[in-house]
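See below for the structure under consideration.
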Amino acid sequence: MKHLNFNGIVLFIPLLILSCKETQVETTSEKIRPPNVVLIFTDDQGYNDVGVFGADDIHTPNLDQMAKEGLKLTNFYAAQAVCSASRAGILTGCYPNRIGIHNALMPNSEVGLNPEETTLAEMLKAKGYATGIFGKWHLGDAPKFMPNNQGFDEYFGIPYSNDMWPLHPQQGPVFNFGPLELYHNEKVIDTLTDQSNLTTKITERSVDFINSNKDKPFFLYVPHPQPHVPLFVSDTFKGKSDRGLYGDVIMELDWSVGEILKALDKNGLTENTIVIFTSDNGPWLAYGNHAGSAYPLREGKGTAWEGGQREPFLIKYPGKIPGNRVVDTPVMAIDILPTIAEATETNLPKRKIDGKSAWSLFTGQTENSPQKAYFYYYRVNELFGVRYGKWKLYFPHTYRTMEGQEPGKDGLPGDYKLVELKDIELYDLEADVGETTNVADVHPDIIAEITAMADAMRAELGDSLTGMEGAETREPGRIQ
C-alpha cells in the first residue's frame, strides 16, 4: 500500500494497480509475433522464365507484382546446380559438400540429409513455429531422412524428382524406377500415374496450412516438382502461354504463388510474412522445348556457368523490405537460413554453417554482399569456380553442354557433349553477363587473389580435382 498526503488528506493507493499495468505492458509485448516465413522453391526454372526477369512469352502477373512490392535480386545463386545438393544448401545454410549431399539422390538411397543437421524448419520450430512442406523433398527417402524427422510438422508431396517413376522415357535401357508415391506425413496415400493436378493439390494444401495456422507463426516451404520434366499442367492452364507446355506450367506456378499470397491477405497476415520465391537450379537444356531459358546467361543445369546457378529471386516483407527495388549484389542460397534467423530473432544452428545474413542488404541498410566470395562445387567435391565481386573465375574442369547438339523435344532428351576447360578462365560479369570473353590474360592480379581464396576453401572443404580431400570429419558427410 502506498501513502500519499495532499493537504492533510491521506490517500491509500494500492501498488497492485501499478503492478498490473506493468504486467499488462509485458504481456502485450510478448504477444508481438515474429514474422511468418513462406519459401516457394521451383525445380529447374531458368533465369529468364519470369516476366520481370525477361520472359515476354509467359504471363506471370503474381510474380511481377511481388517484384513491385518487394525486392528483386539479379545475382542470386542456387547452392549448387543440381536438385538434392541445392535443397540441402538452402535448408541448412551450408555448402552441400560440407554435409555430404551431392548430385541428385536416387530412390532407395542409403544417403540422405543427416538428421543431426539443423534445417530451417527445425531452427524455426524451436522458436514455436508451425512448419509444413508441400511438394518435392529429395533429401533421402529412408524414413530417418524424411521431412517429419527433419523439423516439419506436416508433409504432403513426393520424396524425389517427378521423373523417377516407371514412365520415364529411358525406363528399361537406362533406369529401373519403381512407383512414384505420394505421401501425407509418413503414410503413402497414392501412387502417381498422372501428375496433371499435382500443382493444384500442393497449392490447396499450402493454403489450408496457412488457414489452419493463422493464429501462430509458421514456416511454409513449397518446393514445387515443376517445371522439372516430365511437364504436367492442369486443364485450366493448358495452352495458355506463348511458350508451349513449358510456359503453361510456369503460368500455373505463378497462379499458385497468387493463391498463397491471397490466403495471406485474407487472413490479415501479409504485413507480417516474409515471402521468398526462387528455384533450385537452371534449366535442363537437354530437354529442348520442355526446358526453360537462362537467357542471357551461359549454359544451364548441371554446370557452374551462370545459367546453371543464377536464379530468379524475389522477396517481399511489407514495412521491413522496401518495395520496387532491384539489387545486383551477389547472394547465395546458403545465406537464406541466417537471414531468416536474423529477421525472426532466432538462434543459429550450433554446428558450423557457411551462409551469412543478407538482412541488412535486403532492408536497404547496405549494398554489400554478405560474403567476400562464393564457391561453386559440383559432382562429389569438385571446385569449378568462384564469384568474387564482379568477377567469375573457373578452374580447369569438364562440363556438359548442348552447344552444337540436337536438343530434345516433347519430353525426350537430347545428348550432351562433354567439354574440357583446360585453363583458368576469368569473366567480368558486369560487362559480360553472358560469359563470352575470357579476360584471364589481362588480370593476373585478380586471378592470384581469387586463387588464394580458393586454396583456403580447399583446405577446409577439399577439392577432388586437385587431390585435396578436405578436413577430417567427425561423422559421415560433415566437414567441421
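Read the figures in this text as sums done on the coordinates, not as results from a lab. Quick caveat: nothing in here was measured; it's all calculated off a predicted structure. Counting neighbours? That spans all protein chains shown, and the Cβs are built from the backbone with ideal geometry, glycine included.
A few notes on this one:
- Rounded, prolate or oblate (a/c below 1.5 giving rounded, otherwise prolate when a/b exceeds b/c) for region 159-247 by Cα gyration tensor: oblate
- Compared with the direct C-alpha span, the chain from ALA431 to ILE32 gains 139.0 nm at full extension, assuming 0.36 nm per residue.
- Simple spin-label estimate for THR236 and LYS422 gives 5.5 nm between the two label positions (7 Å along the Cα-to-Cβ direction from each Cα).
- Across region 355-361, computed HN-Hα scalar couplings (Karplus, 6.51 cos²θ - 1.76 cosθ + 1.60, θ = phi - 60°) run x, 9, 5, 9, 4, 5, 6 Hz from first to last residue, x flagging Gly and Pro.
- Sites matching GluC sites (Glu not before Pro) across region 352-421 that sit in DSSP coil, with at most 12 neighbouring C-beta atoms within 10 Å: GLU367, GLU403
- Cα gyration tensor, region 36-372 - rounded (a/c under 1.5), prolate or oblate: rounded
- Three-way shape call for region 376-479 based on the alpha-carbon gyration tensor, with the a/c threshold at 1.5: oblate
- The helix-only estimate of mean residue ellipticity at 222 nm for the chain, built from DSSP H runs of length n ≥ 4 each weighted as -39500 (n - 2.57), is -7500 deg cm²/dmol after division by the residue total.
- With the charge dipole of the chain set up from +1 on Lys and Arg Cβ and -1 on Asp and Glu Cβ about the Cα centre, the Cα lying farthest toward the positive end among the listed residues VAL380, ASN36, LEU139 is that of ASN36.
- 0 to 90° range, to nearest 10: angle between helix 444-461 axis and the chain longest Cα axis: 70
- Residue order, fewest to most surrounding Cβ atoms within 10 angstrom, among HIS138, HIS59, HIS102: HIS59, HIS102, HIS138
- Short-range pairs are left out: with C-alpha atoms under 8 Å and at least six residues apart, the relative contact order of the chain is 20 percent.
- Other-chain or far-sequence residues with amide H under 5 Å of TYR160's (modelled H): TRP137, HIS138
- C-alpha long axis of helix 198-212 to longest principal axis of the chain, angle in °: 10
- Separation of the ASN176 and HIS59 label points, Cα + 7 Å toward Cβ, nm: 4.8
- Karplus (6.51, -1.76, 1.60) ³J(HN,Hα), θ = phi - 60°, over region 40-46, in Hz, Gly and Pro reported as x: 9, 9, 8, 10, 6, 7, x
- Averaging the sequence gap over all C-alpha pairs within less than 8 Å and six or more residues apart, then dividing by the number of residues, gives region 112-155 a relative contact order of 50 percent.
- Relative contact order of region 104-177, defined on C-alpha pairs under 8 angstrom at six or more residues apart (%): 33
- Surrounding net charge for ASP44, when Lys and Arg each add one and Asp and Glu each subtract one, Cβ distance under 10 Å: -2
- Likely footprinting exposure, ASP428, ASP141, fewest C-beta neighbours within 10 Å first: ASP428, ASP141
- Dipole magnitude of the chain, debye to nearest 20 (Cβ charges: Lys/Arg +1, Asp/Glu -1, about Cα centre): 1560
- In range of the label at ASN185: residues from region 137-170 whose backbone nitrogen is under 18 Å from the point 7 Å along Cα→Cβ: 143-159
- The C-alpha atoms of the chain define a longest principal axis, and helix 15-30 lies at about 10 degrees to it.
- Residue exposure sequence - VAL229, VAL327 - by fewest surrounding Cβ within 10 Å: VAL327, VAL229
- Sequence-distant residues sharing a close amide H with THR398 (under 5 Å, placed H): LEU421
- Once both labels are positioned 7 Å from their Cα atoms along Cα-to-Cβ, the gap between ALA126 and LYS352 label points is 1.8 nm.
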